[in-house]
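Read the structure below first, then the notes.
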Amino acid sequence: MSNHLFKGQCPERRPSFLTKSRRAHFLGGLRTGLELLEDRCVPAIDIVFDYEFDNGFFTNEVRQTMDAAAAVFEERFQDQLAAILPTDTNEWTAVFQDPSSANLTQGVERENLTITADTIRIFVGAADHQDGVLGIGGPGRFTIDGGTAEFADTVRARGQAGALLPVNQQTDFGNWGGQLTFNTDVSWHFGTTTDGLDSGEFDFFTVAVHEIGHTLGFGLANSFDNLINNQQFFGASSTAVFGGPVPTDAGGGHWALGTTSVTASGTAQEAVMTPAISDGERREFTQLDFAGMIDLGWEITDVPVSPPSPPSPPAPTGNPPILSNVAEDVLEYNFDGPVVVDSSILVADLDGDAITSAQVTFKQFDLLDGGYQQGVDFLEFTAPEGSGITGFFDTASGVLSLSGTATVGQYREALRSVTYSNFTGVSAWRILEFVVSDATAVSNTISQLIQVGTGGPSFDLPGVDLPATINGHVAVRRGATFFVDVSGDGLFTQSDMAREFGLATDVAIMGDWNGDGREEVAVGRDGTYYIDFDGDYNWNPDVDIVFSLGSPLATPVVGDFDGNGLDEIAIYRPDGVWQIPNSILSDAVSVRVGRFGGAPGTTPVPGDFDGDGKDDLAVFNGGMWMIDTNLNFNLDEGVDLLFAFGLGNDTPLTADWDGDGTTEVGVHRGSHFYADFNNDFVFSINNDVFLEFGIGGDQPFAGTFFVTRTTTDFFPQTSVQSVDTASDDVDSEEDESEEDELFVTSDRSR
């Protein structure tokens, strides 16, 4: 039996691609059976599939199964959705990803679509997606290109008043539609019944239902997100059906793995909207799945709200145990005796098997201070009373081994009791990894990063000898103050610089805005950026620039993408979509759009990695770098770059560290900068740069900085605190959801 992952195409926190495992994770929506449910009302909504992007995948049989999947929702949903009827003055554009493009890398726009009342339009397609992906589904986005406020509200919410509230208060969802894609490189069962559904085949109907559920907002709508707290879903209908808060996965896009409910016929099964399905399996949309749709705002008939009786545990099938945790990214250890490593560890086993053993090990990694040191690092644990669990810490290998057959709860408490201690007083980094086993299989691995020694002084720590002069100097921002290491020695002295610009609550970025080859600052406030064009750390309305991203939710990315010597401010969306303008100096801004990246935790970090004078696309996630050197929004084998440098909790940085005209990578950890000086993607203390500057919590920057200072202006107090934020009037407005930040205008008074 094998597993695939289903993916909800979501704004912020869902993985871009999920790999094959023993269970397949849903990328969208699902159901297990096609039998009709009694007492349904006449369908109030009509899900219309648009096959414009079909490349031959959707045969008549497949289309019939798609219609059957849509009927799961059509036969229960009773909302009244307002029509979107564009005119010469009321104009809008539907924005979505091409469902026939591999991994949804291509953006698509359709101007002035007519969406009739009570209709949801979903563009469907298929492609050879990354291995392990079954399907991807999500709501579409939009721009409003002009018209009345009433028309704009209709596009945004389709008549659902609760969807027009502020983002963190929304209680409803009403979209025009979206996109849905399937992987062509999967062995599918396309039938509308389970006849012929064999081991090794994945049920197309179930995947389609799951993906449609995501397109209708499950796990993606603001109204759904607003009901999640600490991986618990508190929607009224769902808690009534489940008997309490419903656990979610780490991203909040699904019910937690293994969450069960009952179908309309009373059959107990795993819910459809969990993140995994096995081959040879069909599921029916459960009472809990429907309740989740009610809580995000849909009006649905005939969903019982009394908690079902707990189902009997399933027979063992050999599934591995599951480990998870929600601990802080970094455990800070200050030599104050044994400290609990992770009190949030959870242990689960879908088969109900007992756990037989566990191990806690020190992971060896490439950057400085990594790995176990005998006589320095110590691990201990406390066995739960009556559990029979015993343990041994091997001081030679640094492995803590636990053994003894016990319940998942007893092993959970044992692992939560593990403590780390170190009595040397020397700063270092450690990574601990946890695994458990039952009688048949080994679990996944979870880890905890430990920063040993975190209480150093602010700027007076000594530097280290550097192998070469750093052409790209470093800087940090603390509050509203930028501290620049002008000399590049890792020390903050009178030859360096501290300047204030903006407010501590502003978003800070740096770029070469004026083409002088040096970095100038900019700060963002509510989606508007104030650019210190002349680099003097003062706000001069006659010289400096106001540039709007159009939404406070947009993430700014700085780079010279067209090679003209001036940096631009691009947008990187949580779903991996880049919007790259050609200028910050003109109101006439053209934009390139494409998708590269998109997994949760991804950070965009462009740079000129091939030395052609144009910045390339690059993203960092979990210690891995992906670099698109030819700017085609794809990772092309033999052309682009994929490598590891740093740890998952590091902040990535790029700069021309050695001054050769080519960007090299680096990371920031705590108060330390690690620069790949020789560009070999491996950190070596003999060949690369290790620099300590600032303190943990500072925002790091790298580059060549413009410096103008005298002894009398070392700590100037001037800042952008009350500048005129008015920009030119525009006739357009846009969806300010997490998936639809667009450029509006730039303003220069010169």
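The values are calculated or read from the model by the stated rules, or taken from the named source; none is laboratory data. What you are looking at is a predicted structure, and each value in this text was computed from that prediction instead of being measured. Here the Cβ is made from the backbone with ideal geometry for all residues, glycine too, and neighbour counts use every protein chain on show.
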| message | Between a residue in segment 391-410 that is outside the structural domain of G371 (by TED's automatic domain parsing) and any residue that is of a type in the set (V, I, T) and in a strand (DSSP E or B), which pairs come within a Cβ distance under 9 Å, given they are 6 or more apart or on different chains? | response | none
| query | Out of all the residues in segment 229-273, which are out of contact with any Asp or Glu (no Cβ under 8 Å at 6 or more places or on another chain) and polar (S, T, N, Q)? | reply | N229, N230, Q232, T239, T248
| Which is modelled with pLDDT of 85 or more, assigned by TED's automatic domain parsing to the domain that holds P581 and surrounded by fewer than 20 Cβ atoms within 10 Å (Cβ to Cβ), of V557, V507? | V507
| query | Which one of these is within 22 Å of E52 (Cβ to Cβ), without any contact (Cβ under 8 Å) to a residue 60 or more places away in the chain, out of contact with any strand residue (DSSP E or B) (no Cβ under 6 Å at 6 or more places or on another chain) and not small (G, A, S): T114, T93? | reply | T114
| remark: In segment 592-623, anything within 18 Å of G251 (Cβ to Cβ) and outside any loop (DSSP other than H, G, I, E, B) is listed as T603, V619, N621
| note | If we keep only residues of segment 102-142 that are among the β-branched types (V, I, T) and under 23 Å from the mean Cα position of the chain (by Cα), then the residue modelled with the highest pLDDT is V108
| request: Scan segment 235-246 residue by residue and report those that are surrounded by fewer than 22 Cβ atoms within 10 Å (Cβ to Cβ) and out of contact with any strand residue (DSSP E or B) (no Cβ under 6 Å at 6 or more places or on another chain). | output: A236, S237, T239, A240, G243, G244
| Do we find that N183 is of a type outside the set (A, V, I, L, M, F, W, C) and surrounded by 20 or more Cβ atoms within 10 Å (Cβ to Cβ) in this structure? | yes
| Out of L350, L331, sole residue that is closer than 16 Å to E433 by Cα and outside the structural domain of N230 (by TED's automatic domain parsing) | L331
| Yes/no for F173 being modelled with pLDDT of 90 or more, within 18 Å of A68 (Cα to Cα) and not polar (S, T, N, Q) | no
| message | For the list (1) among the polar types (S, T, N, Q); (2) crowded, with 18+ Cβ neighbours inside 10 Å; (3) free of Cβ contacts under 8 Å to residues at least 60 places away in the same chain, I need the number of the one condition that T143 fails. | response | (3)
